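To start, the structure itself, in structure tokens.
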Amino acid sequence: MLSNEQKEFIKKYKKKKRIILLIQLLIIVVFFITWELLSKYNIINSFIFSSPSKVIKTIYKLYLDNNLFKHIWVTIYETLISFSIGLIISLIISILLYLYNGFYKVMDPFLTCLNSLPKVALGPMIIIVAGANIKSIIVMAVLINVIVSTVVITNGFYNTDKIKLKLMASFKANKYQVLKYLVIPSSYKTIISSFKLGISMSLIGVISGEFLVSREGLGYLIIYGTQVFNLDLVISGILLLIVISYILYKLVEYLEKKLLS
Amino acid sequence: MSKILQVIKIGKKYNTINGEIEAIKDISFDINEGEFVAIVGTSGCGKSTLLSIISGLLKQSKGEVKYNIDNPVIGYMLQEDALFEHLKIKDNVLLGLKIQNKLNKETKNFALNLLKKYNLEKFIDKKPSELSGGMKQRVALIRTLAINPDILFLDEPFSALDSSTSLLVSDDVYKMIKESGKTTIMVTHDIASAISMADKVIVLSKSPSVVKNIHEINFENKDIPTINRQNEKFHYYYELIWKDLDDALE
């Protein structure tokens, strides 16, 4: 049985959440109405900046041509594939970097370099090696994802509680046992948190890859729209991308909550 | 009582890029079987380093630690309970046995019976966060006792607890250790804990440390630590050790 204070607190909490949601929705509505009006009365150039009504028409046309879900699915598919590959690779590298401290010390400056390098600069090389196809997109996305995730997970491993490490030493645990019983389980939160980073990075990689080589996907829609000066298509692609990235992020967040509960 | 280990002229230097740091200069003492020995000293004097060396977790720069048993099994209890949150209490207690490949029906029953004996049976399927600080320290000691060590090492075991919990837990830990009959070495900065629990208190000087003094604690009707603290001789020992530590700082 809840006390009156608790009931009051929950009521206030829910009300506050509703108000925040309402303001957020209002911002979106005001943004689209302002955009539409500015475009309609030629205050902004509607050829360059399009308008919500034109965007809706473009997306509807894509739907009628059976292209809308095809492009969305290609981007999601490539993102999920590169995210999964990136996660497995970064876990393996992080484990090796933890098990072999010397290897970590040698690799540390290279990882920092690679982490700060804009991976899209490697695009042309990747295309030459992997070909102008989906493989290049996946490689690019994996590269972007794997470096960041490896740095995050490895740092998590090396931040394992020193007292617990001492306890494992007192049990005379070997390094594989330390990894299995202590380091990986205690870095569980860090690993799961790296999912969020990984999915965002994978999406960036996929879109960069689609810009360069693809014939399908939201990145392709955006770059194609630019090439043929169809800026309604460009902005439609960008808006669809915002929605997709938000949904993917929320999905991973949900997964994170489920796995950590 | 027979000697279980001898610490002979132990020294420890750390080599860093900025030079050599001498943590322990020259320490010697003997530990008898079944004895409860406390090592006290000021912060940073090298108490924990010494404990790590005696227990074999750290290599000394000079000297020798001589055990009078072959391949002694050591049990370590640390500043914090160090229980693994992803494991249930039961699995935490069995962890050492599992790592040392000693987990069988007999050892498992022994460990679980310890939980039962110390009224923690109903928590075996709980996670550590569901237990109080005092309970967690008891579980930590049971985890250490489960591997049936020849010698117990306690490294500031109550320092993470608040003062009232610390007093209660020290009573529980003391009883558990005495019932197990294990030889115990405890390092602490808390003189009162040392006197109320130990049979012998070794006082270290400031770093690089040497043995400043060794006091045999002889209470008539020795009891649990909270009762020992009320013993008339408690203050006598307290003054003696306080003076040693005071001199050590000069």
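Looking only at segment B:136-191, which residues are in contact with a Lys or Arg (Cβ under 6 Å, 6 or more places away or on another chain), within 24 Å of B:Thr107 (Cβ to Cβ) and not acidic (Asp, Glu)? So that I can check it myself, show each step before the final result.
At the first step, the residues of segment B:136-191 found to be in contact with a Lys or Arg (Cβ under 6 Å, 6 or more places away or on another chain) are B:152, B:172, B:187.
Next, from what is left, pick out any that are within 24 Å of B:Thr107 (Cβ to Cβ): B:152, B:172.
Across segment B:136-191, the qualifying residue is only B:Leu152.
Please go through segment A:212-261 and give me each residue that is among the aromatic types (Phe, Trp, Tyr) and either surrounded by 13 or more Cβ atoms within 10 Å (Cβ to Cβ) or not in a helix (DSSP H, G or I) (or both), ordered by number. Write out each step before concluding.
Pass one, segment A:212-261, residues among the aromatic types (Phe, Trp, Tyr): A:220, A:224, A:229, A:246, A:249, A:254.
The answer is A:Tyr220, A:Tyr224, A:Phe229, A:Tyr249.
Quick check, is A:Ser200 more than 11 Å from chain B (Cβ to nearest Cβ), of a type outside the set (Val, Ile, Thr) and crowded, with 19+ Cβ neighbours inside 10 Å?
Working: more than 11 Å from chain B (Cβ to nearest Cβ): yes; of a type outside the set (Val, Ile, Thr): yes; crowded, with 19+ Cβ neighbours inside 10 Å: yes.
For A:Ser200, the condition - more than 11 Å from chain B (Cβ to nearest Cβ), of a type outside the set (Val, Ile, Thr) and crowded, with 19+ Cβ neighbours inside 10 Å - is met.
So, in segment B:179-219, of the ones that are among the charged types (D, E, K, R) and touching a residue at least 12 places away in the same chain (Cβ under 8 Å), which residue ends up surrounded by the fewest Cβ atoms within 10 Å (Cβ to Cβ)?
Step one: list which residues in segment B:179-219 are among the charged types (D, E, K, R), which gives B:179, B:182, B:190, B:199-200, B:206, B:212, B:216.
The next check asks that each one be touching a residue at least 12 places away in the same chain (Cβ under 8 Å); those that pass are B:182, B:190, B:199-200, B:206, B:212, B:216.
On the way: B:Lys182: 20, B:Asp190: 18, B:Asp199: 17, B:Lys200: 20, B:Lys206: 18, B:Lys212: 18, B:Glu216: 9.
Checked segment B:179-219; the qualifying residue surrounded by the fewest Cβ atoms within 10 Å (Cβ to Cβ) is B:Glu216.
Consider A:Val129 carefully, then state whether it is more than 14 Å from chain B (Cβ to nearest Cβ) and either in contact with a Gly (Cβ under 9 Å, 6 or more places away or on another chain) or modelled with pLDDT of 95 or more (or both). Write out each step before concluding.
On the way: more than 14 Å from chain B (Cβ to nearest Cβ): yes; either in contact with a Gly (Cβ under 9 Å, 6 or more places away or on another chain) or modelled with pLDDT of 95 or more (or both): no.
Considered against the rule, which asks whether it is more than 14 Å from chain B (Cβ to nearest Cβ) and either in contact with a Gly (Cβ under 9 Å, 6 or more places away or on another chain) or modelled with pLDDT of 95 or more (or both), A:Val129 comes out as no.
Return the only residue of B:Ile147, B:Ile142, B:Ile53 being closer than 30 Å to B:Ser207 by Cβ and within 14 Å of chain A (Cβ to nearest Cβ).
Numbers: B:Ile147 fails: closer than 30 Å to B:Ser207 by Cβ; B:Ile142 fails: closer than 30 Å to B:Ser207 by Cβ.
None of the other options fit; the residue is B:Ile53.
Picking from A:Ile207, A:Ile184, A:Ile192, which residue would you name as being part of a helix (DSSP H, G or I) and away from chain B (no Cβ under 14 Å)?
Values: A:Ile184 fails: away from chain B (no Cβ under 14 Å); A:Ile192 fails: away from chain B (no Cβ under 14 Å).
Going through A:Ile207, A:Ile184, A:Ile192 in turn, just one is part of a helix (DSSP H, G or I) and away from chain B (no Cβ under 14 Å): A:Ile207.
Taking helices (runs of 4 or more DSSP H) that do not extend beyond segment B:176-250, which have at least 1 residues that are farther than 23 Å from B:Ser166 by Cβ and in contact with a Cys (Cβ under 8 Å, 6 or more places away or on another chain)? Show your work before the answer.
Values: elements: B:191-197, B:225-228, B:232-249.
Because the criterion is at least 1 residues that are farther than 23 Å from B:Ser166 by Cβ and in contact with a Cys (Cβ under 8 Å, 6 or more places away or on another chain), the helices (runs of 4 or more DSSP H) in segment B:176-250 that meet it are B:232-249.
Taking the residues in segment B:70-95 that are away from chain A (no Cβ under 14 Å) and under 18 Å from B:Leu145 (Cα atoms) as candidates, determine which candidate is surrounded by the fewest Cβ atoms within 10 Å (Cβ to Cβ).
Restricting attention to segment B:70-95, the residues satisfying the condition of being away from chain A (no Cβ under 14 Å) are B:70, B:89-90.
Narrowing the set further to residues that are under 18 Å from B:Leu145 (Cα atoms) leaves B:89-90.
Numbers: B:Ile89: 25, B:Lys90: 19.
Per the stated criteria, the residue is B:Lys90.
Check off (1) away from chain A (no Cβ under 14 Å); (2) farther than 18 Å from B:Glu179 by Cβ for B:Asn113 and give me the number that stays unchecked.
(2)
Residues checked against (1) within 27 Å of A:Met168 (Cα to Cα); (2) surrounded by fewer than 18 Cβ atoms within 10 Å (Cβ to Cβ):
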residue	(1), (2)
B:Lys3	no, yes
B:Gly19	no, yes
B:Asp26	no, yes
B:Phe36	yes, no
B:Val40	yes, no
B:Gly44	yes, yes
B:Thr49	yes, no
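Considering A:Lys135, A:Lys175, A:Lys164, which residue is closer than 21 Å to A:Ser90 by Cα, within 14 Å of another protein chain (Cβ to nearest Cβ) and at pLDDT 90 or above?
On the way: A:Lys135 fails: within 14 Å of another protein chain (Cβ to nearest Cβ); A:Lys164 fails: closer than 21 Å to A:Ser90 by Cα.
Only one candidate qualifies: A:Lys175.
Evaluate the following for B:Ile39: is it free of Cβ contacts under 8 Å to residues at least 60 places away in the same chain, in contact with a Leu (Cβ under 8 Å, 6 or more places away or on another chain) and more than 14 Å from every other protein chain (Cβ to nearest Cβ)? Give the derivation first.
Values: free of Cβ contacts under 8 Å to residues at least 60 places away in the same chain: no; in contact with a Leu (Cβ under 8 Å, 6 or more places away or on another chain): yes; more than 14 Å from every other protein chain (Cβ to nearest Cβ): yes.
When the stated conditions are applied, B:Ile39 does not pass them.
Could you list all residues from segment A:8-32 that are more than 20 Å from A:Leu231 (Cβ to Cβ) and either touching a residue at least 60 places away in the same chain (Cβ under 8 Å) or surrounded by 11 or more Cβ atoms within 10 Å (Cβ to Cβ) (or both)? Show your work before the answer.
Pass one, segment A:8-32, residues more than 20 Å from A:Leu231 (Cβ to Cβ): A:8-30.
A:Glu8, A:Phe9, A:Ile10, listed by residue number.
Tell me, yes or no, whether segment A:106-126 has at least one residue that is of a type in the set (Ser, Thr, Tyr), surrounded by 15 or more Cβ atoms within 10 Å (Cβ to Cβ) and closer than 30 Å to A:Val151 by Cα. Break it down into steps so the answer makes sense when it comes.
Just the residues of segment A:106-126 that are of a type in the set (Ser, Thr, Tyr), to begin with: A:112, A:116.
Next cut, surrounded by 15 or more Cβ atoms within 10 Å (Cβ to Cβ) only: none.
No - not one qualifying residue is present in segment A:106-126.
The values are calculated or read from the model by the stated rules, or taken from the named source; none is laboratory data. On a predicted model such as this, the values are computed, not experimentally measured, just so you know. Here the Cβ is made from the backbone with ideal geometry for all residues, glycine too, and neighbour counts use every protein chain on show.
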